[in-house]
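Heads up: the structure comes next, in structure tokens.
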Ligand code: NAD
Ligand code: UFG
């Protein structure tokens, strides 16, 4: 039984991206067969070449958009998948405010074509990348899965909408196995320093921005407010090592391969750190100083957001193990070895 499960064939949408490439690596290490579909709108195929270099295994890659029905039909005709891990989507909160139609079209439209293709092929097992952003400004922290869903931006609303579609699907046909994962703040990189987050343009998120300051690509970090209701006045978040997150997908996959049903879990550490604490940790890890200035609050931000991760432990046996210092060390190794991301070197 175990052997059969380990050789299962998994379609990974968005597998060339940041979290996807780390997950592909852990899936291959765990013995799963993987095919990646990605339109490379926010990724480089080099991430997969590097996963091949690390695992010694070629990764079948299809360069296609999930909204391309004929490409998706062909993909499912040519392969016999046991399950899908669905990362593909646009994820920038600010951009979603200025381009809502593109976000709804890509995230919800792409998911609908994927689900139609799965239904047609008789594949009813999926692990979906949702986000803690569906909780909006939470009434209390830590946040458990029963907290209200009240996203405050178009990106978050696309995630909440996809969650509803998956709920309707599970209700319509209980033979579906659906795992929805609400990630908190993924950071860090694989220990090898060969793959990592490679944002295009100005990074939206804290750790990639700090890393670019440390490596000399940016002059200083802007800290968005020091008057929040937190221990030092700066925003507090639940940072999660991307390798822990990738391993959470392997556990989730095992669960959907094992039994039908619909479940939702938070993937976070359960511990929050402030912006100033992250800066200090990154300074320790990199041995560089991170110049910063306090500026106005960023619109849409909240004071504190961290997970109650108990349900993931109970359901999947998963818990995050890598501490903040390791997140920073691994992020720094990736950034310092690849100062311009995947464009830094060939191969
Ligand atoms: P990413 O941008 O690195 O990866 C997403 C991948 O999907 C990219 O490689 C992109 O090219 C691809 N893609 C996008 N639209 C596509 C389409 N229509 N067809 C085919 N491929 C498409 O982002 P990531 O950080 O790896 O995030 C992965 C998933 O996790 C996303 O769904 C994101 O919303 C979700 N998530 C991310 C975070 C985070 O902070 N990184 C937090 C919570 C949830
Ligand atoms: N911050 C700064 N300066 C920066 C960037 C961020 O001070 O240049 C602060 C923010 O104000 C916040 C903290 O650092 O207090 C973290 O900000 P991020 O942008 O890294 O993360 P968010 O929690 O705001 O949002 C992220 C993703 C969302 C996702 C959410 C929950 O961008 O897509 O985590 O998973 F929904």
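The values are calculated or read from the model by the stated rules, or taken from the named source; none is laboratory data. Since this is a predicted model, take the numbers as computed values, not measurements. Every residue, glycine among them, receives a Cβ derived from its backbone with ideal geometry; neighbour counts consider all protein chains shown.
Against the condition surrounded by fewer than 23 Cβ atoms within 10 Å (Cβ to Cβ) and under 14 Å from the mean Cα position of the chain (by Cα), how does residue 260 come out, does it pass? Explain how you work it out, then say what you get.
Values: surrounded by fewer than 23 Cβ atoms within 10 Å (Cβ to Cβ): yes; under 14 Å from the mean Cα position of the chain (by Cα): no.
Taking the combined requirement at face value, the residue does not satisfy it.
Within region 304-320, the set of residues being in contact with a helix residue (DSSP H, G or I) (Cβ under 6 Å, 6 or more places away or on another chain) and either without any contact (Cβ under 8 Å) to a residue 24 or more places away in the chain or within 16 Å of residue 242 (Cα to Cα) (or both) comprises 318, 319, 320.
Going by the conditions given, is residue 325 on the phi < 0 side of the Ramachandran plot and in contact with a helix residue (DSSP H, G or I) (Cβ under 8 Å, 6 or more places away or on another chain)? The answer is yes for residue 325. Scanning region 109-157 for residues that are in contact with a strand residue (DSSP E or B) (Cβ under 9 Å, 6 or more places away or on another chain), farther than 21 Å from residue 169 by Cα, touching a residue at least 24 places away in the same chain (Cβ under 8 Å) and outside any helix (DSSP H, G or I) yields a count of 6.
Please work out if residue 276 is in contact with a helix residue (DSSP H, G or I) (Cβ under 8 Å, 6 or more places away or on another chain) and over 21 Å from residue 135 (Cβ atoms). Spelling it out, it is not the case that residue 276 is in contact with a helix residue (DSSP H, G or I) (Cβ under 8 Å, 6 or more places away or on another chain) and over 21 Å from residue 135 (Cβ atoms). Output yes when any residue across region 48-59 is in contact with a helix residue (DSSP H, G or I) (Cβ under 6 Å, 6 or more places away or on another chain), without any contact (Cβ under 8 Å) to a residue 12 or more places away in the chain and surrounded by fewer than 19 Cβ atoms within 10 Å (Cβ to Cβ), and no when none is. Yes, region 48-59 has at least one match.
Looking across region 6-29, just one residue is surrounded by fewer than 24 Cβ atoms within 10 Å (Cβ to Cβ) and within 16 Å of ligand 2 (Cβ to nearest atom), and that is 19.
Within the option set 99, 159, being within 14 Å of ligand 1 (Cβ to nearest atom) and under 30 Å from residue 78 (Cβ atoms) holds for one residue only, 159.
Residue-wise test of (1) under 20 Å from residue 236 (Cα atoms); (2) touching a strand residue (DSSP E or B) at 6+ places or on another chain (Cβ under 6 Å); (3) at pLDDT 95 or above.
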| residue | (1), (2), (3) |
| --- | --- |
| 283 | yes, no, yes |
| 303 | yes, no, yes |
| 316 | no, no, yes |
| 338 | no, no, yes |
| 345 | no, no, no |
